[in-house]
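Participant: What follows is a structure written as structure tokens; I'll ask about it next.
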Amino acid sequence: MSATPSNSALRIFLVTWVGRLVSYIGSGLSSFALSLHVYQSSGSITQFSLTSFSYFLPQLVLSPVAGALVDRWDRRRVMLLADLGAGLGTLSSWLLVAASEAGHWKLQNWHLYLTIGLGACFASFRAPAFQATTALLMPKRHLARANSLLELAAGTGQIVAPVVAGALLGRIGLSGILLIDLSTLTFAMGSLLLVRFPAPPRSEEGQRGRGQLSEEIATGWRFIRSRPGLLRLLAFVAVANLNTALVLVLLTPLALSFTDAATLGALMSSSGMGMMIGSIAMGVWGGPRRRMLGVIGFHVLAGVSLLAACLPPHVVLLGGAVFFFLFSVPVVSSCAQAIWQTKVPADMQGRVFAVRRMVALVSPPVAALVAGPLADRYFEPWMAPGGALAGTVGRVMGTGPGRGIALLLVVLGTVILVNAVTAWLSPAMRNVEEELPDTLPEPSVLRAA
């Protein structure tokens with residue numbers, strides 16, 4: 001056992017982060033390519049959506065178990081196991097696709113759902129392990145910057161992957177892209193083999209929750225529930241995540257109501273840069289000293305951005321609104337994450353963060369289920385010529401295709417603003433940084449595992 005100096009902690013974080021960045025790009029390539037294959041081979045939106053469902057469902061179910069085991073086990077080994085398991089899922093997909101391309105196997109889409117789900121089971125361990133370890137590696141004053149780098153890595157994978165995968169599919173095929181994903185996972189595992197993570201200091205709260213696995217799973221929720229500020233912050237972020245997921249679902253049909261697919265692609269790419277630039281800005285700035293101001297203040301920016309949907313439909317206006325909306329996301333997320341990391345004991349962060357992740361994973365499938373019916377059954381008919389709101393709201397926003405979706409975005413923007421105002425009026429959440437003690441020592445006093 002030897003002391004881990006701060007410069008070594010920074011090196012460990014950066015080496016691990018580079019591995020994550022490369023792995024995110026590879027995972028994004030294979031995810032995009034597999035989803036595209038399923039849609040092109042079936043022509044079914046339902047089968048296409050099942051690729052996302054098969055990825056999110058295992059993580060939603062396994063998150064509580066993953067959090068408890070992350071606190072029990074060495075976190076570097078947990079991440080190695082997660083990468084190995086994700087690689088097993090990708091390798092299974094490659095074997096099926098390669099056999100199909102060679103004419104030895106008739107590939108069915110449900111085969112890919114199984115392999116995607118297999119990889120997702122292991123991936124559910126990776127995020128809580130690295131998030132909990134970040135708090136042990138970085139000084140508390142730099143946690144928001146470190147979290148913004150994690151957002152940047154994930155955002156880079158989402159932005160780069162569709163463009164690169166589209167260019168590579170015609171040249172190396174689906175099997176070639178899956179091999180690239182395997183190579184990036186190997187790189188990520190190699191980066192983990194170069195470092196050692198500090199062991200989390202033991203806390204009375206963390207040791208009190210030790211026991212049977214079922215008891216440890218419940219400990220994370222009890223910890224949050226007994227602290228009104230953190231419980232209110234969890235509810236606040238849940239509303240924010242659901243609104244973000246709904247906006248991302250509705251953006252495509254809104255844009256296609258007044259422009260073409262080529263312009264949509266440019267719009268998605270340019271607006272997606274908002275999230276990347278927001279992450280870079282947080283990395284440079286580090287966020288406000290009082291992190292709750294960053295959480296609530298930039299949530300207000302997100303809400304105001306959506307109110308631009310009131311304006312006449314135009315690519316530049318929509319692109320600018322979505323840019324600022326996505327710019328706010330990494331700032332809110334990084335500041336909120338830093339609050340959790342400083343207020344939750346290090347040996348409990350796996351369990352507590354798993355509860356947060358489970359809440360976050362609910363948003364994408366819920367948004368996918370409710371966005372379409374809300375727009376098709378209610379808002380679009382209301383804003384059609386002669387619709388229920390055509391003579392009132394329609395006089396301001398206009399009527400016709402897409403105007404109902406625009407109104408729904410305005411409603412979501414209003415919900416965001418109400419969420420921000422009620423959060424600021426809640427003393428428990430507004431003062432959580434002052435009322436709850438910091439639980440993390442600086443990395444220089446931690447011990448290497």
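Participant: Check T115, T156 and return the single one that is under 30 Å from S271 (Cα atoms), among the hydroxyl-bearing types (S, T, Y), in a helix (DSSP H, G or I) and touching a Leu at 6+ places or on another chain (Cβ under 9 Å).
Facilitator: When all the criteria are applied, what remains is T156.
Participant: Mind checking which pairs have a first residue in the stretch 228-250 that is outside the structural domain of V418 (by TED's automatic domain parsing) and surrounded by 22 or more Cβ atoms within 10 Å (Cβ to Cβ) and a second that is of a type in the set (A, V, I, L, M) and modelled with pLDDT of 95 or more, Cβ under 7 Å, 6 or more apart or different chains?
Facilitator: From residues that are outside the structural domain of V418 (by TED's automatic domain parsing) and surrounded by 22 or more Cβ atoms within 10 Å (Cβ to Cβ), there are no pairs.
Participant: Follow-up. If you scan the stretch 367-389, which residues turn out to be free of Cβ contacts under 8 Å to residues at least 24 places away in the same chain and over 24 Å from F53 (Cβ atoms)?
Facilitator: Result: P381, A384, P385, G386, G387, A388, L389.
Participant: Could you figure out which of (1) closer than 19 Å to I177 by Cβ; (2) under 16 Å from the mean Cα position of the chain (by Cα); (3) buried (at least 21 other Cβ atoms within 10 Å of the Cβ) isn't true of I116?
Facilitator: Exception for I116: condition (2).
Participant: Select, from F324, F298, the only residue that is of a type outside the set (S, T, Y), under 20 Å from the mean Cα position of the chain (by Cα), in the same structural domain as L248 (by TED's automatic domain parsing) and surrounded by fewer than 20 Cβ atoms within 10 Å (Cβ to Cβ). Working first, answer last.
Facilitator: Details: F298 fails: surrounded by fewer than 20 Cβ atoms within 10 Å (Cβ to Cβ).
F324 is the lone residue from the list that is of a type outside the set (S, T, Y), under 20 Å from the mean Cα position of the chain (by Cα), in the same structural domain as L248 (by TED's automatic domain parsing) and surrounded by fewer than 20 Cβ atoms within 10 Å (Cβ to Cβ).
Participant: What's the total number of residues in the stretch 137-148 that are in contact with a helix residue (DSSP H, G or I) (Cβ under 6 Å, 6 or more places away or on another chain) and assigned to a helix (DSSP H, G or I)?
Facilitator: So the count comes out to 8.
Participant: Let me ask something else. Name the single residue that is modelled with the highest pLDDT among those in the stretch 375-401 being surrounded by 20 or more Cβ atoms within 10 Å (Cβ to Cβ) and closer than 23 Å to A240 by Cα.
Facilitator: F379
Participant: What about P427, is it at pLDDT 95 or above, surrounded by fewer than 20 Cβ atoms within 10 Å (Cβ to Cβ) and over 27 Å from the mean Cα position of the chain (by Cα)?
Facilitator: Working: at pLDDT 95 or above: yes; surrounded by fewer than 20 Cβ atoms within 10 Å (Cβ to Cβ): yes; over 27 Å from the mean Cα position of the chain (by Cα): yes.
So P427 passes the test.
Participant: Shifting gears a bit: Quick check on the stretch 75-97: of everything there that is over 19 Å from G26 (Cα atoms) and in contact with a Phe, Trp or Tyr (Cβ under 7 Å, 6 or more places away or on another chain), which residue is surrounded by the fewest Cβ atoms within 10 Å (Cβ to Cβ)?
Facilitator: R76
Participant: Could I ask something else about it? Please work out if W105 is without any contact (Cβ under 8 Å) to a residue 40 or more places away in the chain and part of a helix (DSSP H, G or I).
Facilitator: For W105, the condition - without any contact (Cβ under 8 Å) to a residue 40 or more places away in the chain and part of a helix (DSSP H, G or I) - is not met.
Participant: Which ones in the stretch 430-449 are at pLDDT 95 or above and surrounded by fewer than 17 Cβ atoms within 10 Å (Cβ to Cβ)?
Facilitator: N431
Participant: Of the residues V359, V332, V316, which is surrounded by fewer than 19 Cβ atoms within 10 Å (Cβ to Cβ) and within 21 Å of the chain's Cα centre (by Cα)?
Facilitator: V359
Participant: Go through the stretch 276-306 and give me each residue that's in contact with a Phe, Trp or Tyr (Cβ under 7 Å, 6 or more places away or on another chain) and more than 13 Å from N147 (Cα to Cα).
Facilitator: I277, I296, L301, A302, S305, L306
Participant: Looking only at residues that are small (G, A, S) and over 24 Å from the mean Cα position of the chain (by Cα) in the stretch 67-113, which one is modelled with the highest pLDDT? Full working, then the answer.
Facilitator: To start, the set of residues in the stretch 67-113 that are small (G, A, S) comprises 67-68, 82, 85-87, 89, 92-93, 98-100, 102-103.
When the remaining residues are screened for being over 24 Å from the mean Cα position of the chain (by Cα), the result is 92, 98-100, 102-103.
Working: S92: 94, A98: 90, A99: 91, S100: 88, A102: 80, G103: 79.
This residue is S92.
The values are calculated or read from the model by the stated rules, or taken from the named source; none is laboratory data. From a predicted model like this one, the values you see are computed outputs, not experimental measurements. Please note: Cβ atoms are built from the backbone with ideal geometry, for glycine as well, and neighbour counts cover all protein chains shown.
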